[in-house]
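To keep things clear, I will list the structure first and then write my remarks on it.
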Amino acid sequence: MQSPFPELQLFITGPTYVRPEVRQAGMWPEFGHRDSENRKRFEPIMKNLMNLAQAPEDYQVIIFNGSGTTAMEASLRSLVADGETVLNLSVGAFGDLYHKLAVVNGKQAVQFKFEPGTCIDLNRLQNALSEHKPAVVTLTHNETSTGVVNDIEAACKLIHDAGALALIDGISIFGGSPSDISKTRCAMYSTSTQKSLGLPAGFGIAFVSPEAMAKAEKVTNRGLISDILSQIPRASKFQTLTTPNCTLANQMYAQLEYIVNQEGIEKRFSRHLEMRDEVHSFVDGLSGYELFVPEGSRSPTLTTVRVPESITAAKLKEIKEKIRERGYLFDPGYGKLNDALEQIGARPVFRIGHMGDINMDMLSNYLKILKEILPA
Ligand SMILES: Cc1ncc(COP(=O)(O)O)c(C=O)c1O
């Protein structure tokens, strides 16, 4: 059967464009997840993930069936004990998600928010740590709703000095920029496949520290899928705890071999910075449009653009449809953020995802279309 669906090139912030070679690998043979064929895929996958993360050797990588949220939920269920406070830092919608996960899992959670478009302010973080004395702190490496990247190394230093464990959501940056796990020594760093790794969605990925493994022993009601201690015996044998998506595993094998051994990790990270700079100069050249995030906290994998006075969030959705006719999927901004901005009389933002396997030629072609269609 031919695909009944249109070929759209995705410039949203995930899922992202999947290369033809990776689509092709989806046709490789299925396999048994407790058979020797499993290890042929998952041993290189897990070793390449550790390599890409530049994670210390004493960390364990876990592949969860699910998505990034599955790994985030597991971090809370495994690492926040009864009676302890978890402090959820939020610079946007995905920081809010970490807090929601803590609340719905019955954890004693305190949310600490920063202005949309800004990063974690270290002085305010220091005060919050002194006031709430958390045992665990959650933070977002790259906030996809606002396009802010946080200085996780500096934040984790304060968190650790205050005697707490750090749980990091690295979902929209992992694979496009260093994860800095060896610098932060965070307890758990969670990510997923469908963003800067350039794969379809389907696995949550986590890097877990030895301190986290020891701490989990003291936490009750960890669940099963969400228990890092149930996952680790399988993960250390290069397996998943439950039946994996074989199609995605084959694609992940192919893509990680490509990233690590063909494109090269440093080149991949540099390409992301070059694409970010290209988008910034494009926006600088558009009259009435401006970058939403101040210099110093601008994400390497996505950019948020504040529109001129004449453009509303509703208009951005119309623009999306015009761009669809040209074969591209435009991102009209994170809905709740634009609602909140318009409510206070501020101008909404749209987003350009420049992550994963999008290359400079693809990006330049897309920016040409945007220039034609975006109202002056
Ligand atoms: C920063 C961030 N955290 C968490 C999530 C949720 O990830 P998933 O959809 O893989 O569960 C997303 C998805 O957009 C994200 O961008």
field: Inter-probe distance in nm under a simple model that places probes 7 Å from Cα toward Cβ, at Ala214 and Ser182
entry: 2.2
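More than 15 angstrom separation, counting every C-alpha pair in the stretch 259-324; what % is that?
Working: 1365 of 2145 pairs.
Tail of P(r) above 15 Å: 64 percent of Cα pairs.
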- request: Pull up the DSSP beta bridges for the stretch 20-261 and report the antiparallel fraction as a percent, rounded to 5.
  value: 40
- request: Using the charge dipole of the chain (Lys, Arg: +1 at Cβ; Asp, Glu: -1 at Cβ; taken about the Cα centre), state which of Pro210, Asn245, Gln108 has its Cα farthest towards the positive end.
  value: Asn245
message: Give me log10 I(q)/I(0) at q = 0.08, 0.10, 0.16 Å⁻¹ for the stretch 20-261, Debye formula, one equal scatterer per alpha-carbon, no solvent.
response: -0.28, -0.44, -1.09
query: What is the stretch 243-326's relative contact order, in percent, from Cα pairs under 8 angstrom and six or more apart in sequence?
result: 20
query: Cα-Cα over 19 Å: which of Lys157/Lys218; Lys322/Lys368; Lys195/Lys322; Lys47/Lys237; Lys195/Lys368; Lys320/Lys371?
result: Lys157/Lys218; Lys195/Lys322; Lys195/Lys368
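Quote the FRET efficiency, to the nearest 0.05, computed for His132 versus Gln343 with a Förster distance R0 of 22 Å and r equal to the Cβ-Cβ distance.
Working: r = 29 Å, r/R0 = 1.30.
After rounding to 0.05, the efficiency reads 0.15.
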field: Net charge contributed by nearby residues that have their C-beta within less than 11 Å of Arg77 (K/R +1, D/E -1)
entry: 0
query: Which whole-Hz ³J(HN,Hα) couplings does the stretch 142-152 yield from phi under the Karplus relation 6.51 cos²θ - 1.76 cosθ + 1.60, θ = phi - 60°, glycine and proline marked x?
result: 10, 7, 6, 6, 10, x, 9, 10, 8, 7, 6
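Rank by packing, highest mean first: peptides 322-333, 295-306, with packing defined as the count of other Cβ atoms within 10 Å averaged across residues.
Working: 322-333: 18.0, 295-306: 21.9.
The packing order, highest mean first, is 295-306, 322-333.
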message: Below 8 Å between Cα atoms, with a sequence gap of 6+, how large is the relative contact order for the chain in percent?
response: 24
field: Estimated dipole of the chain in Debye, rounded to 20 [Cβ of Lys and Arg +1, of Asp and Glu -1, Cα centre]
entry: 540
- request: Note the full-extension length gain between Val104 and Ser236 as 0.36 nm times their separation in residues minus their Cα-Cα distance, in nm to one decimal.
  value: 44.5 nm
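Find how much the distance from Thr312 to Thr243 grows on full extension, using 0.36 nm per residue of separation minus their present alpha carbon separation; answer in nm with one decimal. Mind showing how you got there, number by number?
On the way: separation 69, 0.36 × 69 = 24.84 nm, distance 4.54 nm.
Taking 0.36 nm per residue and subtracting the Cα distance, the gain is 20.3 nm.
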- request: Could you work out which residue, out of Pro20, Pro56, Pro178, moves most in a Gaussian network model of the chain, that is, has the largest mean-square fluctuation with Cα springs under 10 Å?
  value: Pro20
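Tell me, in nm to one decimal, what length is gained between Leu122 and Asp82 on full extension, where the rule is 0.36 nm per residue of separation less the Cα-Cα distance? Mind showing how you got there, number by number?
Details: separation 40, 0.36 × 40 = 14.40 nm, distance 2.75 nm.
Length gained, Leu122 through Asp82: 11.7 nm.
Based on DSSP H runs of at least 4 residues, each adding -39500 (n - 2.57), what is the mean residue ellipticity at 222 nm of the chain after dividing by all its residues, to the nearest 500 deg cm²/dmol?
Values: 14 runs with 155 residues, N = 376.
Estimated from H runs of four or more residues: -12500 deg cm²/dmol.
Read-outs throughout are calculated quantities, based only on the coordinates presented, and are distinct from any laboratory measurement. Note that this is a predicted model, so its numbers are computed, not measured. Positions of Cβ are backbone-derived with ideal geometry, glycine not excepted, and every protein chain shown enters the neighbour counts.
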